[in-house]
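Quick notes on the structure that follows.
The values are calculated or read from the model by the stated rules, or taken from the named source; none is laboratory data. Please read these numbers as outputs of a predicted model, since none were measured by experiment. Here the Cβ is made from the backbone with ideal geometry for all residues, glycine too, and neighbour counts use every protein chain on show.
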Amino acid sequence: MNSKIEAYSIVNGEVNSTLIDLLAKAAKQCLIKSGITINDVDLIINSSIYSEDYISEPAVASLVQNRLNNGTAANKQFSFDLQSGGGGVIQAMQIADTMIKNGNIATALLVAGDVQPKKGDTGEFKVNNGAGAIIITATEEDCGFIKFHFETYEEFLEMDNRFLSWEKSGVVFNHQKSEEYSPLCSDLIIQSIAKSGIEIKADSMGFVFSQFPEDISIIASNQLNIKVNTINHAPLYSAGIIQSLLANDNKKEILFVNAGPGISISVAHYKNIS
């Protein structure tokens, strides 16, 4: 049993929508594209980071689940949040892949998105409003996820520091970033790919990079001597990996790569249907 990407969807440019609105809309579009109904979904994982009012409880995944089921109870449908920066989507992919291959579930819906939070005064970190959804299903075909690799380099924890603080206007988001952060992320990406044992195939492989840091795909692709098709319109943070699929899903193989605070590197190797 393998697991494959059945469909994915992106929603952006909706300035006045809440995070739940965006996630639910992306999920509904994804369900329509796949021909799968919400009743057939066994697992919902939310990997969103930034919201308009810093939602932490209840789990955003449960709120999306409630919206998709029109407020009715969903039997045998499990939902939870997985917050791990921009790498959350790749980690959610691994969970879905493992549960499918173990026979625990047949269909997983992954959602991720952001809404611009209230900003503090310690640096700029532009978060574009938007969301993405991706459906992963069980398959007997010769395709799907082949390998995952995750690594955190804690010695560089403070190089990209994002934190919440209380100011006169309430809770605000702050950001402090070192100038050496992006080049270092690129070096660690190359190290992590080498450790994973995944072979770089420049001609047949699509390279799906996170959208943040915004220059990471350029720096890393130059070092790896590969071509990366990028998304230039309203790049997304939490849903950046899903968004990048728009320019890379026609390749025989796909390498998903995310670098985020930690510094944490997430890598996934995926094979499309031959």
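When 50, 54, 8 are checked against the criterion of being exposed (fewer than 15 other Cβ atoms within 10 Å of the Cβ) and either within 14 Å of residue 133 (Cβ to Cβ) or assigned by TED's automatic domain parsing to the domain that holds residue 128 (or both), a single residue qualifies: 54.
The residues on offer are 135, 90, 105, and the sole one that is over 15 Å from residue 239 (Cβ atoms) and not hydroxyl-bearing (Ser, Thr, Tyr) is 105. Name every residue in region 221-241 that is more than 20 Å from residue 125 (Cβ to Cβ) and either in contact with a helix residue (DSSP H, G or I) (Cβ under 7 Å, 6 or more places away or on another chain) or in the same structural domain as residue 84 (by TED's automatic domain parsing) (or both), in order of residue number. Passing the criteria: 223, 224, 227, 228, 229. Out of 135, 190, one residue alone is β-branched (Val, Ile, Thr) and under 19 Å from residue 217 (Cβ atoms). It is 190.
Pairs meeting the criteria (first residue in region 84-97 and in the same structural domain as residue 6 (by TED's automatic domain parsing) and more than 16 Å from residue 245 (Cβ to Cβ), second residue of a type outside the set (A, V, I, L, M, F, W, C) and at pLDDT below 95, beta carbons under 6 Å, at least 6 apart or on different chains) are 85/260; 85/261; 91/84.
Of the residues making up region 17-32, those that are within 11 Å of residue 130 (Cα to Cα) and not aliphatic (A, V, I, L, M) number 4. Among the residues of region 142-169, those that are touching a helix residue (DSSP H, G or I) at 6+ places or on another chain (Cβ under 9 Å) and not small (Gly, Ala, Ser) comprise 145, 147, 148, 149, 150, 151, 153, 156, 159, 160. When residue 163 is tested against (1) under 21 Å from the mean Cα position of the chain (by Cα); (2) surrounded by 13 or more Cβ atoms within 10 Å (Cβ to Cβ); (3) assigned by TED's automatic domain parsing to the domain that holds residue 258; (4) within 23 Å of residue 59 (Cα to Cα), just one condition goes unmet, and that condition is (2). Residue-level analysis places residue 36 outside the set of residues that are in contact (Cβ under 8 Å) with a residue 60 or more places away in the chain, buried (at least 20 other Cβ atoms within 10 Å of the Cβ) and among the β-branched types (Val, Ile, Thr). Of everything in region 125-145, what is surrounded by fewer than 19 Cβ atoms within 10 Å (Cβ to Cβ) and over 18 Å from the mean Cα position of the chain (by Cα)? Give them in sequence order. Listed by number, the residues that qualify are 139, 140, 141, 142, 143. Looking across region 146-166, the residues that are of a type in the set (D, E, K, R) and over 17 Å from residue 86 (Cβ atoms) come down to 147, 154, 155, 158.
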